[in-house]
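Here the structure is laid out as structure tokens; the discussion comes afterwards.
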Amino acid sequence: MGYVGADNHRRFQWLAAFCLLGVAVSVLLVSLERTAVQTERQSVQLMLNQLRSALVVKGAEVMLTGGRLEDWQGTNPVDLLQSAPVNWGGDCNGANHRKGVWCFMRDERVLVYRSRWAEFPGVSGGPEQAERLFWRVETEFTRLAKVPERRAVGLVLNRVNFGQQKPY
């Protein structure tokens, strides 16, 4: 009888150890996923910052040369960078647009990022139910107090809400 009790005790210890190991692995996996999502959000934010900086430089160049900022609306902002990013897919053309890749929709004139996650941590911080995120180069205008008409002052990259568009 003593042997059966010791054997059950050992089985209980193994069961408890496996349960604790399962909980630890679950916590680790959740933490890894959270870290991966946060890393992707920061990567997208860094890319947007680079594109916005390139647009500021291009806007200043256009204004100094007497060009029209309105002519640059809808342009592909990645063309303004010295070199395309590693995760640049070029034109959005169906099967080539993988998750975690940027591309440009020429017809709609929008920059697209396809998230690796169904619920992307939005640039504002809160989660968004969006697999694809869209931006467009637009002209920024201002109005002076003494002059009623608006004046173009630069190029900006604004978020566009297309919802879940065609699956290319």
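Summary of values
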| quantity | calculated |
| --- | --- |
| In the stretch 53-72, the residues that are assigned to a helix (DSSP H, G or I), of a type in the set (D, E, K, R) and touching a residue at least 12 places away in the same chain (Cβ under 8 Å) | LYS58, GLU70 |
| Whichever residue in the stretch 129-164 is farther than 25 Å from LEU80 by Cα and surrounded by 15 or more Cβ atoms within 10 Å (Cβ to Cβ) and, among such residues, is modelled with the lowest pLDDT | ALA130 |
| Odd one out for ARG98, checked against (1) within 16 Å of the chain's Cα centre (by Cα); (2) of a type outside the set (Asp, Glu); (3) within 28 Å of ARG150 (Cβ to Cβ); (4) assigned to a loop (DSSP other than H, G, I, E, B) | (3) |
| In the stretch 1-38, residue modelled with the highest pLDDT [restricted to those that are closer than 27 Å to GLU131 by Cβ and either surrounded by fewer than 10 Cβ atoms within 10 Å (Cβ to Cβ) or of a type outside the set (A, V, I, L, M) (or both)] | SER26 |
| Counted residues, the stretch 108-128 - those being at pLDDT 80 or above, not in a strand (DSSP E or B) and not small (Gly, Ala, Ser) | 3 |
| Qualifying residue in the stretch 94-102 (condition: among the aromatic types (Phe, Trp, Tyr) and either in contact with a helix residue (DSSP H, G or I) (Cβ under 6 Å, 6 or more places away or on another chain) or surrounded by 14 or more Cβ atoms within 10 Å (Cβ to Cβ) (or both)) | yes |
| Residue match in the stretch 74-85 (condition: modelled with pLDDT under 90, at negative phi, among the β-branched types (Val, Ile, Thr) and not in a loop (DSSP other than H, G, I, E, B)) | no |
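The values are calculated or read from the model by the stated rules, or taken from the named source; none is laboratory data. The structure displayed is predicted, hence computed values, not measured ones. Here Cβ is always computed from backbone atoms with ideal geometry, including for glycine, and neighbour counts include all displayed protein chains.
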